[in-house]
1. Just the residues that are modelled with pLDDT of 85 or more and acidic (D, E), please, taken from the range 170-189.
2. Inside the range 155-176, can you point out the residues that are farther than 19 Å from T65 by Cβ and assigned to a loop (DSSP other than H, G, I, E, B)?
3. Could you tell me which residue of the range 59-86 is surrounded by the most Cβ atoms within 10 Å (Cβ to Cβ), considering only residues that are under 20 Å from T27 (Cβ atoms) and among the basic types (K, R)?
4. Restricting attention to the range 127-154, and to residues there that are in a loop (DSSP other than H, G, I, E, B) and surrounded by fewer than 17 Cβ atoms within 10 Å (Cβ to Cβ), which single residue is modelled with the highest pLDDT?
5. Within the range 177-197, which residues are aromatic (F, W, Y) and not in a loop (DSSP other than H, G, I, E, B)?
6. Looking only at helices (runs of 4 or more DSSP H) that fall completely inside the range 300-380, which ones have 1 or more residues that are more than 25 Å from I247 (Cα to Cα), over 28 Å from the mean Cα position of the chain (by Cα) and modelled with pLDDT under 80?
Amino acid sequence: MDFERLLSPIELRGKRVRNRVTLTAHTQSYSDGGIHGARVRGYYAARAAGGAGLLVMEPIPPHPTGRVTPQNYDHTKPGFVEGLRTVVDAVHEHGGTIINQLYHMGPNADPLATGGQQWGPSDAPGYFGVGRIHAMTTDEIDLITRCFAECAETVMRSGTDGVELMFSYDTLVDSFLYDDRNTRTDRYGGSFENKARFAVGILLILVFSVTLGWLPAFGRGEVVQLGWWSTGLLTPTGRMALVLPGITLSLFQITLVMRLVRAEMLETLRTDFIRFARARGLRAWAVNVRHALRNCLMPVITVTGLQIGNLIAFALVTETVFQWPGMGLLFVQAVTFVDIPVMAAYLMLVSFVFVTLNTLVDLAYGIVDPRLRQDSVKHG
């Protein structure tokens, strides 16, 4: 048997791994009161000295409710970073590459390790025959998102080569994706887009804020005061703070619009007037953009207007997750404190935005389809 590829080096995000032999994450329960001691350092050093190229350390729960054993590591303990750094340095001395896995076992957490708590997307009998699974509130979902980011930032300070997320085996995050686990009717349940919102928020924060360090994980950034109005659009940090919430809000809406445009274009390109345009010798760009695209925009404009309205609804959870001080977060706080005037003002403003959007959509119909303008002139 040829092991040439198995024993050959590979590059992962700029880091050279000496071979493709991998020690996967598993629980040893070697922690010393939640931090890394001599026993676990010797364990991973021996695996690196034995020739393993990539070592994935025992998973770390970002929150106490995600533990599977009382011996799980605790990133909030004093000395955690220093203890983990000794393990990382020991592996590097033997030429190995080491990364840390993060998980929250959620419904599969051990009640003996979590103080009797098992968190999940919906209420259900406990997996271990003890009590029931606690249906998480939106505030608790936001808390776990922030804990994942804080845990990853703490781990990266140790000099580890990377962070791996465990979203499988019915952990907390992937349990949100299952129909039999997630029976919520709020913004974290129902459609696949809503169910995936929890995972997408965590991934965006960990990739762009923690791993790459390109964008801030939370907050609004620096703001400039213009009279009564404060804005972050005029500062670099303020603009950077807009990126992750913007991607989270628009990701699924963009894919929907792209699929719709593709379907409408394929149907339009099979029509007779497109064949005639090609027979006249028009360039492909003119045929596709000036004729085909313009004639398939009517349903696209309709759906896009509706999706922009949905963005307002989804802004509630996005602003809460990213701690953005916008109208969505203001409304959530108003509901919490039963502030009726603020809730009424928010709903009136949202209604006004929806009416305005529908009006703009109707006006756009006339711009895209000249036949509508002709009809309006005839019926004056």
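The values are calculated or read from the model by the stated rules, or taken from the named source; none is laboratory data. Values in this document were obtained by computation on a predicted structure and should not be read as measured data. Using ideal geometry, Cβ is built from the backbone for each residue, glycine included, and neighbour counts are taken over all protein chains shown.
1. If the condition is that a residue be modelled with pLDDT of 85 or more and acidic (D, E), then D174, D179 are the ones that fit.
2. Selection gives R157, S158, G159, T160, D161, G162.
3. As a first pass, look at the range 59-86 and keep what is under 20 Å from T27 (Cβ atoms): 59-77, 80, 83-84, 86.
Narrowing further to those that are among the basic types (K, R): 67, 77.
Values: R67: 25, K77: 14.
The residue in question is R67.
4. Let us first name the residues in the range 127-154 that are in a loop (DSSP other than H, G, I, E, B), namely 127-131, 136-137.
Add one more test, that the residue is surrounded by fewer than 17 Cβ atoms within 10 Å (Cβ to Cβ), and what stays is 128-131, 137.
On the way: F128: 61, G129: 65, V130: 68, G131: 73, T137: 87.
Ranking the qualifying residues of the range 127-154, first place goes to T137.
5. So the first thing to find is which residues in the range 177-197 are aromatic (F, W, Y), and the list is 178, 188, 192.
Once the filter is applied, which keeps residues that are aromatic (F, W, Y) and not in a loop (DSSP other than H, G, I, E, B), the range 177-197 yields only F192.
6. Numbers: elements: 327-336, 340-368, 370-378.
So the answer is 340-368, 370-378.
So that you can scan it fast, the table gives a plain yes or no per residue for (1) over 19 Å from F167 (Cα atoms); (2) in the same structural domain as G162 (by TED's automatic domain parsing); (3) β-branched (V, I, T); (4) crowded, with 18+ Cβ neighbours inside 10 Å:
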residue	(1), (2), (3), (4)
L7	yes, no, no, no
M57	no, yes, no, yes
V88	yes, yes, yes, yes
T97	yes, yes, yes, yes
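For (1) closer than 30 Å to L143 by Cα; (2) in contact (Cβ under 8 Å) with a residue 24 or more places away in the chain; (3) loosely packed, with under 15 Cβ neighbours inside 10 Å, each residue gets a yes or a no:
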site	(1), (2), (3)
L282	no, no, no
W285	no, no, yes
W324	yes, yes, no
F337	yes, no, yes
A344	yes, no, yes
